[in-house]
Amino acid sequence: MKGIALVTGGAKGIGKAIVERLAGDGYDVVINWLTSEVQAEQLQAYITDTYHVRCMAICCDVADEIQVDEMVNTVEREMGYVDVLVNNAAVDLSDLFYVKTVESFRRTLDVNVIGAYNCARRIGSRMKERGKGHIINISSTNGINTYYPMSIDYDASKAALNSLTHNLAVQFAPDVHVNGIAPGFIGTESELDGYEDAFLKQECEKILVKRYGKPEEVASLVSFLISDQADFINNTIIRIDGGQIGSI
């Protein structure tokens, strides 16, 4: 067993792929979920049966500091200290700019930024005490320089998450590595669902490799960044977008 990995928003999409990859790498895994109870339970059963590692699925709104403390207390009590934290939980409440509300904007920031801070503050501090650990923040090319006014709140949250990544790296140095991953268009159901075919074709043309990414490719990057081979990589945001022109 390599250690314990906690993946927020781990029941679906990119989070699910990360959970499966880390379990395959030999980590015991914790699947954090908020609205995807059935998917989390199914994934937990699959991980346990397939990879024969310990697996816990736990409900927690990462935007709530008290819930995060309770989640981490449960994990430490029942499994042990977290060695790898992947802050993947996020909401994207995209809508026309003029019908957006302050409430939806605030919820996006609460989950995507405050949620990552809550988890990193609690778990990262413990990692620093123990002298080891990895924190990976799943950001987006939307937080660098790919802009859609429909997702202005999401874009702002991911830019803030990039800044948070750099500050956490300094705070928890030298023994805790903190890096960010900024995916472009990844072909998950939630990523592509709801868009018109013409828009998806247009966006795909902006990608130099002329296809959307796979969740498993993001998971592979997570696996590399927490490996010994990546020990000299710290305090950086790595784009994984197929050469998306809009994010260069």
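Out of all the residues in the stretch 8-20, which are of a type in the set (Gly, Ala, Ser) and either assigned to a loop (DSSP other than H, G, I, E, B) or without any contact (Cβ under 8 Å) to a residue 60 or more places away in the chain (or both)? Walk me through how you get there before you give the answer.
If we filter the stretch 8-20 for residues that are of a type in the set (Gly, Ala, Ser), which is where we start, we get 9-11, 13, 15, 17.
Matches in the stretch 8-20: Gly9, Gly10, Ala11.
Total residues in the stretch 210-226 satisfying the condition of being at pLDDT 95 or above and exposed (fewer than 13 other Cβ atoms within 10 Å of the Cβ): the figure is 1. From the residues in the stretch 66-91 that are buried (at least 16 other Cβ atoms within 10 Å of the Cβ) and of a type in the set (Val, Ile, Thr), which one is modelled with the lowest pLDDT? It comes out as Val91. Of all residues in the stretch 229-241, those satisfying the criterion of being out of contact with any helix residue (DSSP H, G or I) (no Cβ under 9 Å at 6 or more places or on another chain) and either more than 12 Å from His134 (Cβ to Cβ) or part of a strand (DSSP E or B) (or both) are Gln229, Phe232.
Under the condition of being of a type in the set (S, T, N, Q), exposed (fewer than 15 other Cβ atoms within 10 Å of the Cβ) and outside any helix (DSSP H, G or I), the residues counted in the stretch 102-142 number 0.
Specify which of the listed residues (Ala5, Ala63, Ala23, Ala40) is at pLDDT 95 or above and in a loop (DSSP other than H, G, I, E, B). Please lay out each step first, then the result.
Numbers: Ala5 fails: in a loop (DSSP other than H, G, I, E, B); Ala23 fails: in a loop (DSSP other than H, G, I, E, B); Ala40 fails: in a loop (DSSP other than H, G, I, E, B).
Every option except Ala63 fails the conditions.
Of all residues in the stretch 77-110, those being free of Cβ contacts under 8 Å to residues at least 40 places away in the same chain and either in contact with a strand residue (DSSP E or B) (Cβ under 8 Å, 6 or more places away or on another chain) or under 21 Å from His177 (Cβ atoms) (or both) number 1.
Within the stretch 195-222, residues that are under 12 Å from Gly243 (Cα atoms) sit with their Cβ atoms under 8 Å from residues that are among the β-branched types (Val, Ile, Thr) and modelled with pLDDT of 95 or more, at 6+ positions apart or across chains, in these pairs: Gly213/Ile240. If you go through the stretch 40-48 one residue at a time, do you hit one that is touching a Gly at 6+ places or on another chain (Cβ under 9 Å), aromatic (Phe, Trp, Tyr) and over 21 Å from Ala120 (Cα atoms)? No, because not a single residue in the stretch 40-48 is touching a Gly at 6+ places or on another chain (Cβ under 9 Å), aromatic (Phe, Trp, Tyr) and over 21 Å from Ala120 (Cα atoms). Taking helices (runs of 4 or more DSSP H) as the structural unit, those lying wholly within the stretch 168-228 and holding at least 3 residues that are more than 18 Å from the chain's Cα centre (by Cα) correspond to 197-205.
The values are calculated or read from the model by the stated rules, or taken from the named source; none is laboratory data. No experiment lies behind these values; they were computed from the predicted model shown. Reconstructed Cβ throughout: ideal geometry from the backbone, glycine too, with neighbour counts over all protein chains shown.
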